[in-house]
1. Net charge near TRP49, counting Lys/Arg +1 and Asp/Glu -1 over other residues with Cβ under 11 Å of its Cβ?
2. Hey, rough spin-label estimate for GLU127 and GLU40, points 7 angstrom out along Cα→Cβ, what's it come to in nanometres?
3. Just to confirm a number: summing +1 for Lys and Arg and -1 for Asp and Glu over residues other than LEU117 whose beta-carbon lies under 12 angstrom from that of LEU117, what do you get?
4. Calculate one ³J(HN,Hα) per residue across region 46-62 by plugging θ = phi - 60° into the Karplus curve 6.51 cos²θ - 1.76 cosθ + 1.60, and present them in order as whole Hz with x for glycine and proline.
5. As an exercise, identify the GluC sites (Glu not before Pro) in region 48-101 lying in DSSP coil whose Cβ has no more than 16 other Cβ atoms within 10 Å.
6. Report, please, the projected area of region 49-141 averaged over directions, based on the convex hull of its C-alpha atoms, in nm².
7. Per residue of region 74-86, in order, report the coupling 6.51 cos²θ - 1.76 cosθ + 1.60 (Karplus, θ = phi - 60°) as ³J(HN,Hα) in whole Hz, putting x for Gly and Pro.
8. Suppose each label sits 7 Å from its Cα in the direction of the beta carbon; what would the GLN135-SER89 distance come out to in nanometres?
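Just so it is clear, none of the values below were taken in a lab; they were calculated from the coordinates. Nothing here was measured: the structure is a model prediction, and the numbers come from that model. Backbone-built Cβ (ideal geometry, glycine too); neighbour counts: all protein chains shown.
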Amino acid sequence: RQPQHPQPIAPSSSEPLRIDDILEITLNSPSVWAAPSVAEQPFVELVDWEVLAIRRPTEGGRITAHLVGCSPLHGEGRVTTELVAFDASSRRFRTRSGRVYALVGAPRLGANALHVLSFWLEAQGAEVVGNLTGQFEGATS
């Protein structure tokens, strides 16, 4: 499945780009897109991962746990929906959407994951309020 990329917005004149133009182009960046549906992709492996506590206004300010990492198959950064279950023996999380994520390797956040996280936080109006990785790290060695 190829992501649908929005076309960058070009300024309408030969004048230099304004900050608003740059933000518009950046926020419509073709480097960030929605994940395939759970039906299309029920299972994903993640490398360069961490578990973060995130507060989102859409959740009434409730703090939820999310995996942030990178799919080694396509090199895509990911931010999951809320984590609802963890199986330490298989190193797998299940999310609220029903997708299953398998952890590969040791925790650490790579550039692709951080890039997607920054866009996701901005789009959600959310903030990272903690790092929960240590609670799962021992169970994933």
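1. -1
2. Reported label-point gap for GLU127 and GLU40 is 3.4 nm.
3. -3
4. Here the 3J(HN,Hα) series is 10, 10, 6, 10, 8, 10, 10, 8, 10, 9, 10, x, 5, 9, x, x, 5 Hz.
5. Answer by residue number: GLU82.
6. Taking a quarter of the hull surface, the average projection is 5.6 nm².
7. 3J(HN,Hα) across region 74-86, in whole Hz: 10, x, 8, x, 9, 10, 7, 6, 4, 6, 10, 8, 9.
8. So the two model labels end up 2.2 nm from each other.
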